[in-house]
Every structure is written in C-alpha cells, then in structure tokens.
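No value in this document is a laboratory result; all are computed from the given coordinates. Please read all numbers here as calculations on a predicted model, not as lab measurements. Cβ placement follows ideal geometry from the backbone for every residue including glycine, while neighbour counts extend to all protein chains displayed.
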Amino acid sequence: MTEPTTLQEAISRGITNKVALMKLGLYSQAMAKIPKRVAHCERVRRSAFADLAVFVRLMWPVLNPGQEMEWSWHMELLCETLMKVTRGELKRVIINVPPGSTKSTIVSICWPCWEWLHYPEHRWICASHAEALATKLNRERRKLIQSKLYRDLFAPSWGLSIDQKNKTHFENTANGWMISAMTSSGGVIGSHCQRMIIDDPISRDELATPRLKGHVAWYKETASSRFGNLKEAVIVVVMQRLHQQDLTGYLLESDEGFEHIVIPAEYDPARAHPEDPRTREGESFFPARFGPRVLARQKKKLGSLQYAAQYQQTPQVSGGNLIQEAWWQRWSALPDAQGGRWIGTVDCAYEGTERSDFSVIQVWVSLGSNAYLVDQVRGHWEFTELEAEMMKMSRRWSTVQQWIVEERAMGSSLISRLRRKRIKVSPFKSQSSKEQRIQAVSPMIEAGQVHIPADDGERPPQLAATERWTLPQQLKGLITECALFPKGAYDDQVDALSMALDALAPGMGALDPLEDSRPARPKRERAKAPPAFRSNW
C-alpha cells in the first residue's frame, strides 16, 4: 500500500500520531488544521504550567465541582510565594491567614501537584493536626492528579504507581511520593522527604489539652529529622494563629530563618505586607467572602481574644481582665424558665478553715441561647457542713436536673454521698487549666449570653417565700473575682461558673449561622474547562 500523500488520506487510515505525520511530511498540514480552541488550550496549558495561580483557578472545578471560585489578592500572594519556593528562592516559609481563606486548597493540594509537573521526583510529607484532615488532603491531591483535565492537558511523562492503594501514601513512576501525617504522632519515621507542608498543626479545640505543647514537640523531635538533605530541605507552615506558644510562635522565637507572611482579616497598617492593596484600617482582606457583618459576627462568636488570634494573627497573653464587667447582662426578673435546662455546679475546697479557699454552689438555667445564674451559696465549710449546704440547695432547687461536682478536694467524697442519697450527680474532671477553661467560655459572656441578677432583681418565682436569697449581695464579689482572674486571691466562683457554662454551651446554640454581607447574586453558569489537549498532537 502506498503511503498517504494528504492529511485527509492519513486520517482516514487512522494515522494521527505526531511522529508518524512528521515522517510523512504531513505534520505542518495537521498543525494548520488545528482549531482555534485547541490553540487556545495550548496557551492555557503553558500559562498554567508556568503560573501556580492560573493552575489553581483551572483546577478549581475538579476539586469543587459546581462551586464558583472567588479570587482575592491574598491567593495571588500565596501562589507567588510558593513559586519562589519551587524556584529555590525560599526554603522556610510561615503563612498565617484566617480560616476559610482557601489556604489548604492552594498550599496543601494544588502546589504539590503543580510542582510535580516540574519535579516529579520530589518527595512530600504533608502533616495536619487530625488524621481525617490529613487523609482528606491526600485524597484530594490524588483526585487532582488522576483527573482527566490534569492528565490530558499536561500529559505528564509519569503516572501513579498502580500498586499504591494506601489512603495516606501514594507514589509516582518517577520515584516521587506524597505522604500524609499527623502532628501528634511519629507516623513518618523512616520516610525522608525534600518538601514538608504543615497545614493547621493544631486546632482550636486542642488548646486546652497537652496537644498545645505536643505539636511543637512533634516538630522538634520528629518532623525536623525527616529530611535526607537538610541543606535543601523545604518547610512551609500554613496556619491560623491560636496561641503565643503555637508552632508559629516557636519557630519565630527559634530564629530558623523563616519568611513570615501575615494576612490579618482586618487591615492593620502597622503589619501590612508590601503586596497588600488595602489602604483603610479595618478593611477586609477578602470582601467577597468576609464582609463587615461576617467579621463582626465572628468577633462576637469567638470573643476578642480568640478573634485577635485566629483572624488578626495576633495571639495575646492573658494577664487578667479575661472577663470584663461591661460584658455581664443583668436580669431584673427571671424569664419563664419552663422547658429550660437546670443544672447546679459545686466547687469544693480542700478544707474548711478560714485560710483555705471557699467552697461554692451555684444554680443555673439555660433558656434558648442564654444562661442565667439563679442562686449561689459560698463559705468556708468542713465536709459535714458542705454536705448539709448541698442538701439544702438540692431541696430548694428541685428543678435542677443535674448536679456537677469537681472531682478534687472534698468533691470525691461529696459525689459518693450524693449518689447514696439518689441525687443525680456528675463528676467533673478536666485535663485543662483553669485559665484555659475560662478562655473557652468567656466568648459567651462577651457575646451577652450570660445573665446575672440586677442589684434589685426580683426573687426567682421558683424560690419559696420563706427561703433566704442572698445572691444579689454576692454579685459584686463575683464580678470582681472574674475581672481579676487569674491574678485574684480566689477563683472558686470562676471555677463553678466555667463548669456551668461548659455544660450548658452545647445546647445553647450560641449564635445564628453566619450571614454573608453581600446581597444575593444570581447564580451564574459555571465556566467550562478548556477542551482536552491531546498529547499525541
């Protein structure tokens, strides 16, 4: 059979391979016939290959089908910083950004997959605070690499090893791999990488646990030894600030030469990045997603201390005044408490001498998203006196559905005695410090959800007329003790209060769901991805 002399004849015989067409001298004809959309696809491919920001926007529909992407200047900054790392201009980077800023999509998912297009032999360890999060990010990386858009558009010379089914570990045929790890375990022992991403090494819920120091210990003892070549090792930490002793705080104090990128939610001229386009103090970093109303609601939900850490990236050391007097709400008449949840809390001293701490018993009720302090007794009591006071309060407040007693000092003995008397009691034993416990509940007080009686407040209607009610006279001492904590002489009332709010919080529905500050926009049709680019053309 004679060789085809025209492109049409070659195609009719199934000859479309680039090399075969070149041998026949027909490749130039083929290129002239390529539709404009394929030429456009080639321009997109080259642009995405060279620019991480273009790659992220192009791959967004693969990772988030049906969701419109909102782009902001800080995403451009993150991509440019990571490209500097790929080019070898940076080795150590810390990125502090607010939650919900698409940081994980850019840093932990798209960047490693984009860099594999240039250096498929690179080995990555990607760590997070929870196994579920680390595994999810690894699954998303694999999903992107195996997507038709990624394979057809870039036509990489390597593929994923078919024998790698592990959800936390996969390899490519160029000898590169990606491993997910937890910042609380040594699960990467024996694996040496060139690149390490540490994405949210600790969560807010873990601040009041040993994990606060544990994730720093993981970095010092495990992560920092996981490099085959320390001179070329790359570490990128991306996280929201949570505490002055978090990993960012440790790394900045250790002076390991980290480039520090800080993006506060509200513009702060004193800490502005050179690439930050904002000019007005308090201006949002991402108005499309975090308008003024959204940020105001987050500030109310989290409290000023946690908002400063997570959103402004300025964690503060609490030195007193954790609970300000102006935050307390006062009630003149207790609302109808029918259907409310009634609890009592007991903080016990070690002994009943005048020099010892006080023992305190409080009664609370939650109504909707609000908690009300209804009664309190406090004194220097020996155990028999404490038990007698407890029985009085139990009879006085038969509405209480659960008594919570701290399991320390005289508390253990009191719990046993109450159980013998068929009183429903729950022991309270916390692994966190008193200060950490009050920090966890102080946002509820700051948000105006915690109510105490007014100085001239009416007696609760549930209280018998013959019963003595001394709570209003104790309020000044309660407010002062809370304001001075943790530097005041006593903290028994603070302990009882934190136990109560900790128990009531899950059912209070603290705040309504966040509302976006933007007006509703009509739903736009999602832009279609460029047509597939055939690698044999």
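Values computed for the structure shown
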item: For region 325-507, convex hull volume per residue from C-alpha positions, Å³; result: 115 Å³
item: Mean separation of Cα contacts under 8 Å, 6 or more apart, over the residue count of the chain: relative contact order %; result: 16 percent
item: Mean ellipticity per residue at 222 nm, deg cm²/dmol - from DSSP H runs of n ≥ 4 across the chain, formula -39500 (n - 2.57); result: -10500 deg cm²/dmol
item: The chain - charge dipole about Cα centre, Lys and Arg +1 at Cβ, Asp and Glu -1, debye rounded to 20; result: 2500 debye
item: Protection proxy ranking, peptides 221-231, 301-311, 475-485, average beta carbon neighbours within 10 Å, highest first; result: 301-311, 475-485, 221-231
item: Equivalent ellipsoid semi-axes, region 120-276, via Cα gyration tensor eigenvalues times 5, rooted, Å; result: 29, 19, 16
item: Antiparallel bridge percentage (DSSP; both residues within the chain; nearest 5); result: 35 percent
item: Likely footprinting exposure, Leu322, Leu418, fewest C-beta neighbours within 10 Å first; result: Leu418, Leu322
item: Assigned charges on the beta-carbon of Lys, Arg, Asp, Glu; region 325-507 dipole about Cα centre (debye); result: 740 debye
item: Hydrodynamic radius by Kirkwood, which averages 1/r over all alpha carbon pairs of region 383-428, in angstrom; result: 10.6 Å
item: Amide H contacts of Arg341 (H built 1.01 Å from N, under 5 Å, at least 5 apart or other chain); result: Ser366
item: Overall dimensions of the chain as given by Cα atoms, namely Rg and Dmax in Å; result: 30.8, 115
item: Per residue, the convex hull volume that the Cα atoms of region 310-410 enclose (Å³); result: 171 Å³
item: Net dipole in debye of region 417-514 [+1 Lys, Arg Cβ; -1 Asp, Glu Cβ; about Cα centre; nearest 20]; result: 880 debye
item: For the chain, with +1 on Lys and Arg beta carbons and -1 on Asp and Glu, the positive-most of Ser432, Asn64, His451 along the dipole; result: Asn64
